Amino acid sequence: MTTALFQPITLGNLTFPNRIAVAPMCQYSADDGSATDWHLHHWMNLAMSGAGMVTVEMTDVERRGRISHGCLGLYSEANEAAAKRALDAAKRVATPGTKFGTQLAHAGRKASNRRPWEGGGPLQPREDPWPVVSASAIPYDSGWQTPHALTDDEVLETIQHFADAAKRAERAGFDFIELHGAHGYLIFQFLSPLSNQRKDRWGGALENRMRFAVETAKAVRKAAPALMLGARLSVKDWVDGGFEVEEAIEVAKALKTEGVAYICCSSGGNSPLQKLPSGAGYQVHLAEAVRKGAGIPTRAVGLIADPQFANTIIAEGRADMVALARAFLADPRWGWRAAATFGEEIHPAPQLARSVTTMQHWMKAAG
């Protein structure tokens, strides 16, 4: 009998060969939003990882929406051509059935930062910073830029940027789009009362705070109807007075109505005052709550690295998929390792086939 982790799943119009997803991971290695040779290598590596779902990194819909100078984008024809080049290469070597998606996003008030290995934090005057925007003129933290609060017309323009990027994603050859409504970036800045103190139709009650997310989903669906659409949400702010699970469930219901096929359930990232728990699978209960409350498939993420634990999450019905990030950076064949753990078939590229027995031997010895 097929292990729960390796049962296929259909989301929207796509069927994935297993329940393993590569979570989107910023690489901070783009050239004015365009994928480089680093992405060519990285995406090809992930294509052979054994994961059925590969979501490439946060991909910004306009230049000022980038976290850093090195962030990936789909705001130009050059970006689109570079993404197609890397994606075509990844698809040529991919495990059969693997599907690729891009995570469309806008960093909002968390834009104009240094790369992590350059120290992080806001770019200084000599580092070519740019003005940032948000739902309200509230900086992320002391020492950070005070963002320009988007006007009604500017909000609509930003939604159009998401739609335009969705068209580029479709032309580049992606199979699905994931909207980034987590980690304190622009969509979540509208959702959270900590960062949204507007008095117009985009702020106040949850119905208004979720309007930007819902209208963005609607615009993306219209722009690229052939692509399956998912979303990532921070289900909880982990700050008193912030966004809570009950609100996330209502947002998930509204997104489901607009054709969103799954919710990847993350948390935090919107305030330096957050008090995040730690430990393996610390966010799984959030995926479980949204799955039950909204009746939508969910993807659990957050310090999930052990194949047995990942399988248990699926087998117990706590989430429909599991997403891993750092685990795939540390072990680009994590999907193989999970398959060997449960005696499932591994589907390598022909050039790598001779290594399958080695992986099986390693996992047998570890067990």
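Looking across L303, L329, L352, one residue alone is of a type in the set (A, V, I, L, M), open to solvent by 40 Å² or more (accessible area, probe 1.4 Å) and at positive phi. It is L303. For region 13-38, the set of residues classified as open to solvent by 30 Å² or more (accessible area, probe 1.4 Å), assigned to a loop (DSSP other than H, G, I, E, B) and under 23 Å from I304 (Cβ atoms) consists of P17, R19, C26, listed by residue number.
Looking at (1) of a type outside the set (V, I, T); (2) closer than 29 Å to K236 by Cβ; (3) touching a Leu at 6+ places or on another chain (Cβ under 8 Å), which is the one condition that is false for A330? Every listed condition holds for A330 apart from (3).
Here's the yes/no breakdown for (1) under 19 Å from Q283 (Cβ atoms); (2) open to solvent by 40 Å² or more (accessible area, probe 1.4 Å); (3) modelled with pLDDT under 95; (4) out of contact with any Phe, Trp or Tyr (no Cβ under 8 Å at 6 or more places or on another chain):
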position: P307; (1), (2), (3), (4): yes, no, no, no
position: A310; (1), (2), (3), (4): yes, no, no, yes
position: A315; (1), (2), (3), (4): yes, yes, no, yes
position: A323; (1), (2), (3), (4): yes, no, no, yes
position: W334; (1), (2), (3), (4): yes, no, no, no
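Within region 234-261, the residues that satisfy the criterion of being open to solvent by 10 Å² or more (accessible area, probe 1.4 Å) and within 30 Å of R168 (Cβ to Cβ) are K253, A254, K256, T257, E258, G259, A261. Scanning region 189-216 for residues being closer than 17 Å to E62 by Cα and either at pLDDT below 95 or in contact with a Ser or Thr (Cβ under 9 Å, 6 or more places away or on another chain) (or both) gives a total of 3.
Would you check which residues across region 201-210 are of a type in the set (G, A, S) and open to solvent by 40 Å² or more (accessible area, probe 1.4 Å) and list them? Can you show your working first?
First pass over region 201-210, keeping only residues of a type in the set (G, A, S): 203-205.
Hits for region 201-210 are G204, A205.
The condition (being in a helix (DSSP H, G or I) and open to solvent by less than 10 Å² (accessible area, probe 1.4 Å)) is satisfied by just one residue among A231, A213, A219: A213. Which one of these is hydroxyl-bearing (S, T, Y) and crowded, with 18+ Cβ neighbours inside 10 Å: S195, S142? Answer to the check: S195.
The values are calculated or read from the model by the stated rules, or taken from the named source; none is laboratory data. Because the structure is a prediction, the values reported are computed rather than measured. Cβ: placed from backbone, ideal geometry, glycine included. Neighbour counts: every protein chain shown. Heavy atoms of the whole protein, side chains included, go into the accessibility calculation; ligands, DNA and RNA do not. Shrake-Rupley method; radii C 1.70, N 1.55, O 1.52, S 1.80 Å.
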